[in-house]
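Engineer: Quick one: the structure is below, questions incoming.
The values are calculated or read from the model by the stated rules, or taken from the named source; none is laboratory data. Quantities reported herein were computed from a predicted structural model and do not represent experimental measurements. Using ideal geometry, Cβ is built from the backbone for each residue, glycine included, and neighbour counts are taken over all protein chains shown.
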Amino acid sequence: STQELHGRALFEHEKKGNCARCHLSEPANDGEPPQFTDFGLIAIAVPRNPAIPANADPAYADLGLCGPLRTDFRGRTDYCGLFKTPTLRNVALRKSFFHNGEFHTLRDAFAFYASRDTDPGHWYPKNADGTIDKYDDLPKAYWPNLNQDPPFEGRSPGGKPALTDAEIDDIVAFLQTLTDADQVAAK
């Protein structure tokens, strides 16, 4: 559809979605269909998920590759907060998104990407003094690891988000086309 095609264009646009930077959308050199992942690592500061029992402890932080459950990268602070980039194939069938399952709709996951830095109060809780506890699940020492490429680049609170609501809807429509035929039949 026109909406799906527009969504793909936004997905690939370097200054809008920029999704294809990590979720590769072109066929591989051998002609294999795109996997929609670079199998890389990224830190995006997904909000803390209060439904995870370990998060009841305010001192606990899931730092991805550098702990606390993994110990092989514990001394590598440049890996703290990084998580594997998942494939987007069949993404419309998922019931939760990101490493901690904080989001439960594909639209919310993309809205977070679009406005993480322009409307942090929508995503992160407030501290006792009323300030926003931005990046509440990543200790400040590791904020330099955060991805700042578009759609995050140059965004600040109160600014214009990288994507409009209609553009987010278009990207979601495109992502729904990545559902494999056998999965559609099983729905």
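Engineer: Going by the structure shown, is P157 closer than 17 Å to P47 by Cα and of a type outside the set (K, R)?
Structural biologist: For P157, the condition - closer than 17 Å to P47 by Cα and of a type outside the set (K, R) - is met.
Engineer: Moving to a separate point now. Can you tell me which residues in segment 1-34 are touching a residue at least 24 places away in the same chain (Cβ under 8 Å), closer than 15 Å to L178 by Cα and either in a loop (DSSP other than H, G, I, E, B) or of a type in the set (D, E) (or both)?
Structural biologist: Those that are touching a residue at least 24 places away in the same chain (Cβ under 8 Å), closer than 15 Å to L178 by Cα and either in a loop (DSSP other than H, G, I, E, B) or of a type in the set (D, E) (or both): S1, E4, H23.
Engineer: Among the β-branched types (V, I, T) and touching a Cys at 6+ places or on another chain (Cβ under 8 Å), is that true of I52?
Structural biologist: Numbers: among the β-branched types (V, I, T): yes; touching a Cys at 6+ places or on another chain (Cβ under 8 Å): no.
So I52 does not fit the description; no.
Engineer: Now a separate question. Any idea how many residues of segment 56-79 are over 17 Å from A45 (Cα atoms) and either touching a strand residue (DSSP E or B) at 6+ places or on another chain (Cβ under 9 Å) or modelled with pLDDT of 95 or more (or both)? Explain how you work it out, then say what you get.
Structural biologist: Taking segment 56-79 and keeping what is over 17 Å from A45 (Cα atoms), we get 56-57, 69-76.
Remaining after also requiring either touching a strand residue (DSSP E or B) at 6+ places or on another chain (Cβ under 9 Å) or modelled with pLDDT of 95 or more (or both): 56-57, 70, 73.
Residues flagged as over 17 Å from A45 (Cα atoms) and either touching a strand residue (DSSP E or B) at 6+ places or on another chain (Cβ under 9 Å) or modelled with pLDDT of 95 or more (or both) within segment 56-79 amount to 4.
Engineer: Can you tell me which residue is nearest to F112 (Cα to Cα) among those in segment 1-24 that are surrounded by fewer than 16 Cβ atoms within 10 Å (Cβ to Cβ) and small (G, A, S)?
Structural biologist: Taking the candidates together, the pick is A9.
Engineer: Still on this model: Give me the helices (runs of 4 or more DSSP H) completely within segment 72-187, filtered to those with at least 3 residues that are over 14 Å from the mean Cα position of the chain (by Cα) and in contact (Cβ under 8 Å) with a residue 60 or more places away in the chain, ordered by residue number.
Structural biologist: Per the criteria, 165-176.
Engineer: Moving to a separate point now. Going by what's in this entry, would G81 be described as among the small types (G, A, S), within 29 Å of P58 (Cβ to Cβ) and surrounded by 15 or more Cβ atoms within 10 Å (Cβ to Cβ)? Step through it out loud before you land on a result.
Structural biologist: Working: among the small types (G, A, S): yes; within 29 Å of P58 (Cβ to Cβ): yes; surrounded by 15 or more Cβ atoms within 10 Å (Cβ to Cβ): yes.
Yes.
Engineer: Among the residues of segment 50-78, count how many are among the acidic types (D, E) and either out of contact with any helix residue (DSSP H, G or I) (no Cβ under 8 Å at 6 or more places or on another chain) or surrounded by fewer than 10 Cβ atoms within 10 Å (Cβ to Cβ) (or both).
Structural biologist: Here is the first cut: in segment 50-78, the residues among the acidic types (D, E) are 57, 62, 72, 78.
Still in the running and either out of contact with any helix residue (DSSP H, G or I) (no Cβ under 8 Å at 6 or more places or on another chain) or surrounded by fewer than 10 Cβ atoms within 10 Å (Cβ to Cβ) (or both): 57, 72.
Adding up the residues that qualify gives 2.
Engineer: List pairs: first residue in segment 35-52 and of a type outside the set (V, I, T), second residue exposed (fewer than 15 other Cβ atoms within 10 Å of the Cβ) and not in a loop (DSSP other than H, G, I, E, B) anywhere in the structure, Cβ distance under 7 angstrom, at least six positions apart or on different chains.
Structural biologist: These pairs meet every condition: L41/K84.
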